[in-house]
Structures are given as C-alpha cells and as structure tokens.
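**Q** I have a structure here, written as structure tokens, and I will follow up with some questions on it.
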Amino acid sequence: MRNLLKASVLGVAIISLSGCGFLSIKDKLDPQAMDVYSGMYDRFVSSGGDLGAATVWRMEVDKGLGPDDIKQSIESASVGTGLKNVGEMPLSKQLELETGKKQRYLMIYQYCSPSIARQAVDFSPYFSAYLPCRIAVVEDNEGRYWLYGLNMDMFVHGGKNMPEPFKSNAQHVRDSMYKMMEAGAHGGF
C-alpha cells in the first residue's frame, strides 16, 4: 500500500511538473535522478518532514570512539583521495569561549579538491554553495557521537548529466567522503 501511495504521489507530481517544463528536461537528467529524489522523498516522509534527514547522510559513531579517534580516522581515510583538509570549525570550543559554559561536542571538518571544485563550479556555479565538502561530528544529549555529511548522491545523480571526466571525478569525491565518514564512525585508522 505504501509503495502504491508513493507511486501515486510521484505520478501526480510528475504530471503536475509537466506543466512547469519538467518533461522538457527529463531526457537531460542523470539516469538515476528519479531514484535519488524518490529516496529523498522517503526519508523526508519517514522523518516527519525534516529536510535535513532527506538530504544528509548520518552515521552513529561506534561506542568507545571519541573525537580524537574520529578525527584520526577521517584524516587517515582521506590519504590518497586527493581531498585535502581545508579547514576545521571547532564550534563547541568557540561556544565555550563565548558563553563560559561546557558544550556538547560539535566539530565540522572541511575537505576539498581544488581542481574538482573548479570543474563543479564550471558545470554549475550553484555548486559553489556546497563547497567545501563537510563532515560534522555532533554529540547528542546522551553523549553519543554522530557524523553528518551532505548526501552526495544528489550532487552526482540528482540533476542534468555531467560530462566526463567531471562525472567520474564527482563520483570519486562522493565515494571518498562516504568512506571517510565510515572510517570516522567505525575507527578506520
């Protein structure tokens, strides 16, 4: 029943969008674009309407791993990917300095390949808003750590087809960021 409802909603959405020009661009889209948006829709609904849950990867960090382990694992997994650490934002430390109160851990790691970033922006200047790629480490109220990063399936497959070699490079960035998150979550150093 749920799949029938979903298919009906997607069908109505496609028919509705046809008046907005969707049908005129559908042949230019990546072959996986509709699967990407179907998955986003599922996550959006199952989360109760949370846009972040629809568009972001989330991984729980294994018990026993702390911030230093996470950082070391992410850094180790980045070796050989061509992605460079271009910045760290120790937000919880900054908030502690500003408020004088202990904060739950909140850190953002930023990674980028300047040459692939250039290809992305040349393809669509809107991609500049997604740069650099980020992995957030968030401590929840129970003291567990979680990793969050943009679901890069949207980047690679969510729109018009990318030319080579940009598409292969974009896929490489997507795969590298996912592996870095997995290493951070499970201690891959």
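**Q** Once the other residues with Cβ under 13 Å from the Cβ of Gly188 are scored (Lys, Arg +1; Asp, Glu -1), what is the net sum?
**A** Working: positive: Lys71, Lys179; negative: Asp62, Asp69, Glu75, Glu182.
Net of charged neighbours comes to -2.
**Q** A further question on this structure: Between Tyr41 and Trp146, what is the label-to-label distance in nm when each label sits 7 Å out along the Cα-to-Cβ direction?
**A** 2.5 nm
**Q** A further question follows. Using the structure shown, select from Lys71/Lys167; Lys71/Lys102; Lys71/Lys101; Lys26/Lys167 the pairs with a Cα to Cα distance greater than 26 angstrom. Walk me through the intermediate numbers first.
**A** Working: Lys71/Lys167 28 Å; Lys71/Lys102 21 Å; Lys71/Lys101 24 Å; Lys26/Lys167 18 Å.
In this structure, Lys71/Lys167 exceed 26 Å between Cα atoms.
**Q** Still on this model: Can you show me the helix-derived [θ] at 222 nm for the chain, built from DSSP H runs with n ≥ 4 at -39,500 (n - 2.57) apiece and divided by the number of residues, rounded to the nearest 500. All intermediate terms of the calculation are to be shown ahead of the outcome.
**A** Details: 9 runs with 97 residues, N = 189.
Value at 222 nm, helices only: -15500 deg cm²/dmol.
**Q** Over the chain, what relative contact order in percent results from Cα pairs under 8 Å that are six or more residues apart?
**A** Numbers: 250 pairs, mean separation 57.1, N = 189.
30 percent.
**Q** Between Leu95 and Glu182, what is the FRET efficiency for a Förster distance of 25 Å, r being their Cβ-Cβ separation, to the nearest 0.05? Mind dumping the intermediate values first?
**A** Details: r = 28 Å, r/R0 = 1.12.
According to the calculation, E is roughly 0.35.
**Q** Among residues other than Glu88 whose Cβ falls under 14 Å from its Cβ, what is the net charge (Lys/Arg +1, Asp/Glu -1)? Intermediate values should be presented prior to the final figure.
**A** Working: positive: Lys71, Lys84, Lys93, Arg134; negative: Asp68, Glu75.
Residues close to Glu88 contribute a combined charge of +2.
**Q** If you don't mind, there's one more thing I want to ask. Under 5 Å between amide H atoms, partner at least 5 residues away or on a different chain: which partners does Tyr105 have, H built in plane at 1.01 Å?
**A** It is Glu139, by chain and number.
**Q** Using mean Cβ contacts within 10 Å as the protection proxy, how do 104-110, 57-63 order, highest first? Could you put the intermediate results ahead of the total?
**A** Numbers: 104-110: 17.3, 57-63: 15.1.
Going from most to least packed, we get 104-110, 57-63.
**Q** Continuing with the same structure: Starting at the first residue of the range 132-142, write each ³J(HN,Hα) from the Karplus equation 6.51 cos²θ - 1.76 cosθ + 1.60 with θ = phi - 60°, in whole Hz, x for Gly and Pro.
**A** Here the 3J(HN,Hα) series is x, 5, 10, 10, 9, 10, 10, 8, 8, 5, 9 Hz.
**Q** Which net charge results when you count Lys and Arg as +1 and Asp and Glu as -1 among the other residues whose beta-carbon is under 10 Å from that of Phe123? The partial results should precede the final answer.
**A** Details: positive: Arg118, Lys160, Lys167; negative: Asp122.
Taking every Cβ under 10 Å from that of Phe123, the sum is +2.
**Q** For Cα extents along the principal axes in Å, one of [x] 48, 39, 33; [y] 55, 41, 31; [z] 52, 31, 23 was computed from the structure I shared and the rest are decoys. Which label?
**A** Answer by label: [y].
**Q** Right, something else. Pull up all non-local amide H partners of Thr81: gap of 5 or more, or a different chain, and H-to-H distance under 5 Å with H placed in the peptide plane.
**A** Those lying under 5 Å, H to H, from Thr81: there are none.
Since every read-out is calculated from the coordinates, none of them should be taken as a lab result. Since the model is a prediction, treat every value here as computed from it, not as a measurement. Positions of Cβ are backbone-derived with ideal geometry, glycine not excepted, and every protein chain shown enters the neighbour counts.
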